[in-house]
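Undergrad: Structure provided below as structure tokens; questions to follow.
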Amino acid sequence: MSEEIILSELSQEEIYELMKEDLYDGLADEIVEEVNESLGRGQQPYEVLTYGLVAGMEIVGNDFRDGILFVPEVLMAAKAMKAGMAILRPLLAETGAEKIGSMVIGTVKGDIHDIGKNLVTMMMEGAGFEVFDLGINNSAEAYIEAIEKHDADILGMSALLTTTMPYMKVVIDTLKEKGIRKNVVVLVGGAPLNEAFAEAIEADAYCRDAAVAVETAKKFMQIRRGVKA
Amino acid sequence: MTQSMTSLERTRTVLAGGIPDRVPVDLHNFMMVAEASGAPFPEFFQDGEAMAEGQIKAWREFGHDVLILENGTAALAEACGAQVEYMEGSAPVCHGPAIKSLDDIDKLEVPDPYKVFPLTENLRATRIVAQEIGDKAFIIGRADQGPFSLAAMLLGMEEFLLRLAQADGGRSGRRGGGGDAELAKKLHRLLEFSLAVTTRYAYAQIQAGAHMTSIGESLSGPDVCSPKSYKTFEWSYAKRMVENLKADNIQLAYHICGDATAIVPDMVETGATILELDYKVDMLAVKAATRGRATVLGPVDPSGVLALGAPSDVENAAREAIEILGEGGGLILGPGCALPPKTPAENVHRLIETARKYGVYA
């Protein structure tokens with residue numbers, strides 16, 4: 001499908017530019033070739049991640065936020081990113097890149113819609129967070145167990161349904177009862193939510209999409225670092 | 001002249017483009033009804049008689065004008081062979097596709113709603129409610145999901161959306177290339193199948209005694225898909241469904257939740273009698289697009305306001321909706337999407353009182 005682009009003839013800057021375009025267009029095979037080509041030239045895994053995949057997904061995330069791209073296109077991009085990450089993840093683990101923070105994430109009880117949650121997971125990983133993905137249909141107990149086990153900085157909860165989003169309040173109330181609400185930053189997201197809802201249930205923030213989730217998480221980590229220091 | 005009409009007259013007047021005595025109110029309360037029944041949700045949602053009894057009981061308690069009957073969003077998917085799980089405390093959910101790939105479309109069969117579970121139970125509920133109170137209240141027997149959302153459940157939501165992007169995608173990068181036309185053709189075949197399934201069920205709902213039927217197509221809305229995808233893969237199917245039903249004097253309510261503002265003019269163009277819209281829409285834009293052409297059902301926030309808000313929040317949201325959307329008729333006030341199980345009765349009463357107090361037409 002790809003027209004005559006010969007990667008070996010491109011400069012590294014041009015390859016990174018191409019990676020951004022190919023992520024935007026959701027071309028997984030091409031991304032794999034470009035990641036391998038870059039690594040073959042001696043680029044560090046975190047450089048490929050940062051200047052290629054994350055830079056590309058930032059454009060995708062911004063255009064999603066601005067209503068230029070929609071979920072199907074973002075899923076395609078995420079699939080391409082995933083293909084690239086599959087190569088980079090083991091290499092990144094070897095090099096022991098420093099984590100920005102850790103996050104427990106999952107859809108709430110009764111809700112099995114995980115497309116948005118999966119996008120957030122990928123974007124957070126790309127941004128340098130360690131993410132513990134609990135999958136779908138999580139009880140308050142499941143979230144809390146994971147938060148304690150991993151000493152997580154952030155809890156991310158997602159719901160697509162108006163009928164399941166009230167469960168987020170149950171989780172937050174349980175955190176309060178256990179006296180651990182202040183230990184964790186609670187971010188909530190999902191199509192039917194808004195800021196007023198997040199405020200009403202006393203979450204720390206509503207994130208309208210994956211890009212906002214990453215920005216918000218980074219911001220809260222700076223505050224936490226500040227508090228801890 | 002408050003309350004000079006029956007619920008049925010009031011609702012029919014609005015749907016015909018006229019001005020009733022006051023704004024009618026609907027409840028989208030199948031989960032509240034399950035909660036109130038005390039029965040386990042999985043049992044309740046598979047029992048037509050229990051669902052009917054619960055709906056009638058709720059109607060006697062609240063006195064709303066319009067009932068929406070359904071058991072969630074997965075009935076047609078289940079009838080077509082998708083894996084559906086009945087869970088406690090929530091509506092049944094579809095978690096496994098009916099077909100593994102778009103090459104398996106021929107394996108699907110249009111289910112006979114009079115024979116295949118759970119359509120049989122939903123129709124039973126409609127039949128009982130219609131017999132008992134159909135001469136007083138207006139009954140919408142929901143024909144479950146529309147062609148687009150049903151197709152997504154049959155193929156698996158993520159797979160469907162990925163295929164959609166591939167089929168529709170114009171690339172922006174230097175590699176160029178466009179959508180995959182072969183793939184688009186296959187998607188259209190699946191959508192044709194889904195249209196047949198949902199249309200057949202819609203007729204059955206009317207035969208069971210519903211005054212009107214309804215489809216949900218939230219997945220095709222701008223919270224998920226681009227208006228371009230909506231136009232290519234949803235709009236013409238919804239329009240054909242409306243036209244087919246209209247030929248037999250059947251009216252359709254067309255539900256897309258989230259912020260559907262960008263496609264509301266297109267939704268109006270389908271000819272649907274009712275647009276069921278969520279609190280995220282821009283009410284002024286919606287009023288401009290629907291005035292004299294369609295009735296809006298909604299758009300009070302079911303979770304943030306009706307389930308979690310105070311009665312005063314309900315009143316404020318309802319008054320705002322009445323002022324903007326109810327001007328000159330064209331509004332059935334209610335939640336724009338399903339009410340959570342534990343929605344306080346007090347808030348539901350306040351919703352209806354607000355329509356009685358502030359929704360009166362001079």
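The values are calculated or read from the model by the stated rules, or taken from the named source; none is laboratory data. None of the values given here were measured: they were computed from a predicted structure. Methodologically, a virtual Cβ is constructed for each residue, glycine included, from the backbone with ideal geometry; neighbour enumeration extends over all protein chains shown.
Undergrad: Between B:VAL93, B:VAL66, which is within 11 Å of chain A (Cβ to nearest Cβ) and in contact with an Asp or Glu (Cβ under 6 Å, 6 or more places away or on another chain)?
TA: Going through B:VAL93, B:VAL66 in turn, the sole match is B:VAL93.
Undergrad: Hey, does segment A:1-9 have a residue that's modelled with pLDDT under 90, within 21 Å of B:GLU159 (Cβ to Cβ) and surrounded by fewer than 18 Cβ atoms within 10 Å (Cβ to Cβ)?
TA: yes
Undergrad: Also: Considering (1) free of Cβ contacts under 8 Å to residues at least 40 places away in the same chain; (2) more than 24 Å from B:PRO299 (Cα to Cα); (3) in contact with a strand residue (DSSP E or B) (Cβ under 7 Å, 6 or more places away or on another chain), say which one B:VAL242 fails and leave the rest.
TA: Exception for B:VAL242: condition (2).
Undergrad: When the residues of segment A:136-173 are filtered to those that are assigned to a strand (DSSP E or B) and touching a helix residue (DSSP H, G or I) at 6+ places or on another chain (Cβ under 7 Å), which remaining residue is farthest from the other protein chains (Cβ to nearest Cβ)?
TA: A:ILE154
Undergrad: For B:LYS287, state whether it is over 22 Å from the mean Cα position of the chain (by Cα) and either more than 14 Å from chain A (Cβ to nearest Cβ) or part of a helix (DSSP H, G or I) (or both).
TA: Spelling it out, it is not the case that B:LYS287 is over 22 Å from the mean Cα position of the chain (by Cα) and either more than 14 Å from chain A (Cβ to nearest Cβ) or part of a helix (DSSP H, G or I) (or both).
Undergrad: Using the structure shown, decide if B:GLY336 is at pLDDT 95 or above and not aromatic (Phe, Trp, Tyr).
TA: no
Undergrad: Here is a list: B:SER194, B:SER236. Which entry is out of contact with any Cys (no Cβ under 8 Å at 6 or more places or on another chain), closer than 23 Å to A:HIS113 by Cα, among the polar types (S, T, N, Q) and assigned to a helix (DSSP H, G or I)?
TA: One residue alone meets the criteria, B:SER194.
Undergrad: Follow-up. Note down all Cβ pairs under 8 Å where the first residue falls in segment A:44-72 and is surrounded by 20 or more Cβ atoms within 10 Å (Cβ to Cβ), the second is of a type in the set (A, V, I, L, M) and part of a loop (DSSP other than H, G, I, E, B), and they're at least six residues apart or on different chains.
TA: If the second residue must be of a type in the set (A, V, I, L, M) and part of a loop (DSSP other than H, G, I, E, B), the pairs left are A:PRO45/A:ALA97; A:VAL54/A:ALA127; A:VAL60/A:LEU69; A:PHE70/B:VAL224; A:VAL71/B:VAL224; A:PRO72/B:VAL224.
Undergrad: Continuing with this model, one more query. What are the pairs, 6+ residues apart or on separate chains, where a residue within segment A:199-222 that is under 10 Å from A:VAL188 (Cβ atoms) has its Cβ under 6 Å from a residue that is of a type in the set (Asp, Glu) and part of a helix (DSSP H, G or I)?
TA: Going by the 6 Å Cβ cut-off, the qualifying pairs are A:TYR206/A:GLU195.
Undergrad: Looking only at residues in segment B:22-38 that are in a helix (DSSP H, G or I) and free of Cβ contacts under 8 Å to residues at least 60 places away in the same chain, which one is surrounded by the most Cβ atoms within 10 Å (Cβ to Cβ)?
TA: By that ranking, first place goes to B:VAL33.
Undergrad: Could you check how many residues of segment B:269-303 are out of contact with any Gly (no Cβ under 9 Å at 6 or more places or on another chain) and touching a residue at least 60 places away in the same chain (Cβ under 8 Å)?
TA: Number of matching residues: 2.
Undergrad: Answer yes or no as to whether B:ILE352 is more than 14 Å from every other protein chain (Cβ to nearest Cβ), in a helix (DSSP H, G or I), within 26 Å of A:LEU161 (Cα to Cα) and in contact (Cβ under 8 Å) with a residue 60 or more places away in the chain.
TA: yes
Undergrad: Could you list, in sequence order, all residues of segment A:107-135 that are at the interface with chain B (Cβ under 8 Å from one of its Cβ atoms) and of a type in the set (Val, Ile, Thr)?
TA: Selection gives A:ILE112, A:ILE115.
Undergrad: Additional query: Suppose we keep only residues that are surrounded by 17 or more Cβ atoms within 10 Å (Cβ to Cβ) and over 30 Å from A:ILE31 (Cα atoms) within segment B:169-199. Which one would you say is farthest from the other protein chains (Cβ to nearest Cβ)?
TA: B:THR199
Undergrad: Among B:THR199, B:THR120, which is the only one that is modelled with pLDDT of 95 or more and closer than 26 Å to B:MET267 by Cβ?
TA: One residue alone meets the criteria, B:THR199.
Undergrad: If you don't mind, there's one more thing I want to ask. Test A:LYS176 against the criterion of being basic (Lys, Arg), away from every other protein chain (no Cβ under 14 Å) and in a helix (DSSP H, G or I), and give yes or no.
TA: Answer is yes for this residue.
Undergrad: Same structure again: Can you find even one residue in segment A:95-106 that is in a loop (DSSP other than H, G, I, E, B), more than 14 Å from chain B (Cβ to nearest Cβ), among the β-branched types (Val, Ile, Thr) and touching a residue at least 40 places away in the same chain (Cβ under 8 Å)?
TA: The answer is yes, given that some residue of segment A:95-106 is in a loop (DSSP other than H, G, I, E, B), more than 14 Å from chain B (Cβ to nearest Cβ), among the β-branched types (Val, Ile, Thr) and touching a residue at least 40 places away in the same chain (Cβ under 8 Å).
Undergrad: Which residue pairs have Cβ atoms closer than 7 Å, lie 6 or more positions apart in sequence or on different chains, and pair a first residue in segment A:156-180 that is among the charged types (D, E, K, R) with a second residue that is part of a helix (DSSP H, G or I) and surrounded by 15 or more Cβ atoms within 10 Å (Cβ to Cβ)?
TA: A:LYS178/A:ILE144
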